[in-house]
Amino acid sequence: MKKLAALSCAILTAASVFAGGSSDKAAPAAEAKAIVLRYAENQPKDYPTTKAAYEFARIVEEKTNGRIKVEVYYGAQLGDEKSVIEQMQFGAIDFTRVSISPLAEFSKSLNVLQLPYLYRNPDHMWKVLDGKIGADFLKSIDSAGLIGLSWFDAGARNFYNSKKPVNSIEDMKGLKIRVQESQQMMDMVQALGANPTPMAYGEVYSALQTGVIDGAENNWPSYESTSHYEVSKYYVLDEHTRVPEIQMISKMTWNKLSAADQKIIQEAAAESAQIERKLWAEKEKASEAKVKAGGSVITELSPAEKQKFQDAMAPLYTKYGAGFEDLIKDIQNTK
């Protein structure tokens, strides 16, 4: 009941924000045009996605001469990703940036983008996402009351461990690897001959330090910011998954905007996405330099060895790609 009451209050607040945009001709012009929208971001203020959210807000305000203001709430002030998505469906929050993982609940096709070794490299991923295939994925969440605007980078996830360098699939055998509480992730690690160990993210450092697990997997910035490199120095660039993120707007908010303002929002989303990708690349380089200076040993798989990792994923493509075989082929064949 408390959650319902809070949500109802939030909806009323959101409605009042748009009250000035009604067609009441008696209202003063300035009041009629004033719109304030809320953007939820769960990362810290200095994180690439948060910085890009502020850039989005700046661009919107500039393009509307201050008529539309976007307030950014960072650090999960408005809730975690799941609760923010729920609030957006009711129009209580206007914008956010989230991983596609929780959105797959509303669009099963998004699971395809989480398949291991789906892309040849980052350029391949952006050709897919910035083209028709990516546009179709953005539209796939419409039925959930969400409008996909643009794609943000979240880097590639790689394995790391405290035991030895990984140069081949044989080196993965027997390693106890922490994974998210996801059956697909568990199946991936198992297919490589390692032992998947589901565990809360906050417990990983101590588990690595005490030997409860041998390793984990994540992108450069996360490996560095969590200080996992201090207790797990062997990092292999296998790039098993590249899970992009979506910048989106509540459909209820979208429908209250004029066609001209919708166009401005789309333009700002596209511009801020390009900014975020540059910020992410800079963050990756800084994190890589820091962990190398801290003593991490970085290895890179040869093309032949990486192919072995990819070949081991055949059962996952059969299990999780069922019904989307043609889509997977289209992605793999994108040049």
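Please give the number of the condition HIS228 fails out of (1) at pLDDT below 95; (2) in contact with a strand residue (DSSP E or B) (Cβ under 9 Å, 6 or more places away or on another chain); (3) farther than 23 Å from LEU113 by Cα.
It is condition (1) that HIS228 fails.
Being touching a strand residue (DSSP E or B) at 6+ places or on another chain (Cβ under 9 Å), free of Cβ contacts under 8 Å to residues at least 60 places away in the same chain and either in a loop (DSSP other than H, G, I, E, B) or surrounded by fewer than 16 Cβ atoms within 10 Å (Cβ to Cβ) (or both) is the filter here; which residues of region 62-81 pass it?
Hits for region 62-81 are ARG67, LYS69, GLU71, TYR74, ALA76, GLN77, LEU78, GLY79.
Could you tell me whether any residue of region 34-57 is open to solvent by less than 60 Å² (accessible area, probe 1.4 Å) and at pLDDT below 90?
Yes, the conditions are met somewhere in region 34-57.
Return yes or no: is SER140 out of contact with any strand residue (DSSP E or B) (no Cβ under 9 Å at 6 or more places or on another chain) and hydroxyl-bearing (Ser, Thr, Tyr)? Break it down into steps so the answer makes sense when it comes.
Values: out of contact with any strand residue (DSSP E or B) (no Cβ under 9 Å at 6 or more places or on another chain): no; hydroxyl-bearing (Ser, Thr, Tyr): yes.
Answer is no for this residue.
Out of all the residues in region 116-149, which are open to solvent by 50 Å² or more (accessible area, probe 1.4 Å), of a type in the set (Gly, Ala, Ser) and not in a helix (DSSP H, G or I)?
Hits for region 116-149: nothing passes.
Working only within region 282-296, note down all residues that are of a type in the set (A, V, I, L, M, F, W, C) and surrounded by 14 or more Cβ atoms within 10 Å (Cβ to Cβ).
VAL291
Within region 35-61, which residues are assigned to a helix (DSSP H, G or I) and among the basic types (Lys, Arg)? Full working, then the answer.
The first filter runs over region 35-61 and keeps only residues assigned to a helix (DSSP H, G or I), leaving 48-61.
Once the filter is applied, which keeps residues that are assigned to a helix (DSSP H, G or I) and among the basic types (Lys, Arg), region 35-61 yields LYS51, ARG58.
Can you name every residue in region 175-196 that is open to solvent by 20 Å² or more (accessible area, probe 1.4 Å), more than 16 Å from ALA312 (Cα to Cα) and at pLDDT 95 or above?
Matches in region 175-196: LYS176 only.
All but one of (1) β-branched (Val, Ile, Thr); (2) under 29 Å from ASP187 (Cβ atoms); (3) out of contact with any strand residue (DSSP E or B) (no Cβ under 8 Å at 6 or more places or on another chain) hold for THR299; state the number of the condition that does not hold.
With respect to (1) β-branched (Val, Ile, Thr); (2) under 29 Å from ASP187 (Cβ atoms); (3) out of contact with any strand residue (DSSP E or B) (no Cβ under 8 Å at 6 or more places or on another chain), THR299 is out only on (3).
Would you please name the residue that is most open to solvent (accessible area, probe 1.4 Å), looking only at residues in region 305-335 that are of a type in the set (Ser, Thr, Tyr) and part of a helix (DSSP H, G or I)?
The qualifying residue most open to solvent (accessible area, probe 1.4 Å) is THR318.
Would you call GLY211 touching a residue at least 12 places away in the same chain (Cβ under 8 Å), on the phi > 0 side of the Ramachandran plot and out of contact with any Phe, Trp or Tyr (no Cβ under 7 Å at 6 or more places or on another chain)?
Details: touching a residue at least 12 places away in the same chain (Cβ under 8 Å): yes; on the phi > 0 side of the Ramachandran plot: yes; out of contact with any Phe, Trp or Tyr (no Cβ under 7 Å at 6 or more places or on another chain): yes.
Against the criterion (touching a residue at least 12 places away in the same chain (Cβ under 8 Å), on the phi > 0 side of the Ramachandran plot and out of contact with any Phe, Trp or Tyr (no Cβ under 7 Å at 6 or more places or on another chain)), GLY211 qualifies.
Do you know which of the residues in region 170-185 that are within 21 Å of GLU305 (Cβ to Cβ) and part of a loop (DSSP other than H, G, I, E, B) is nearest to the chain's Cα centre (by Cα)?
LEU175
Please state which one of ALA269, ALA207, ALA200 is farther than 21 Å from TYR117 by Cβ, open to solvent by 10 Å² or more (accessible area, probe 1.4 Å) and not polar (S, T, N, Q). Lay out the reasoning, then the answer.
Details: ALA269 fails: open to solvent by 10 Å² or more (accessible area, probe 1.4 Å); ALA207 fails: open to solvent by 10 Å² or more (accessible area, probe 1.4 Å).
On inspection, the qualifying residue turns out to be ALA200.
Determine the pairs where a residue that is free of Cβ contacts under 8 Å to residues at least 40 places away in the same chain and outside any loop (DSSP other than H, G, I, E, B), located within region 236-265, has a partner that is open to solvent by less than 40 Å² (accessible area, probe 1.4 Å) and hydrophobic (A, V, I, L, M, F, W, C) with Cβ atoms under 8 Å apart, the partner being 6 or more residues away or on another chain.
Close Cβ pairs satisfying both conditions: GLN262/TRP254.
How about region 231-264: which of its residues are closer than 30 Å to LEU175 by Cα, among the hydrophobic types (A, V, I, L, M, F, W, C) and at pLDDT 95 or above?
VAL231, VAL236, LEU237, listed by residue number.
Here is a check on your reading of the model: is VAL166 part of a loop (DSSP other than H, G, I, E, B), open to solvent by less than 10 Å² (accessible area, probe 1.4 Å) and of a type in the set (A, V, I, L, M, F, W, C)?
Answer is yes for this residue.
The values are calculated or read from the model by the stated rules, or taken from the named source; none is laboratory data. Note that the structure is a prediction, hence the values are computed from the model and not measured. Don't worry about glycine lacking a Cβ; one is built from the backbone with ideal geometry, like all the others, and counts go over all protein chains shown. Remember, those area values only see protein heavy atoms, side chains included, never the ligands or the DNA or RNA. Shrake-Rupley method; radii C 1.70, N 1.55, O 1.52, S 1.80 Å.
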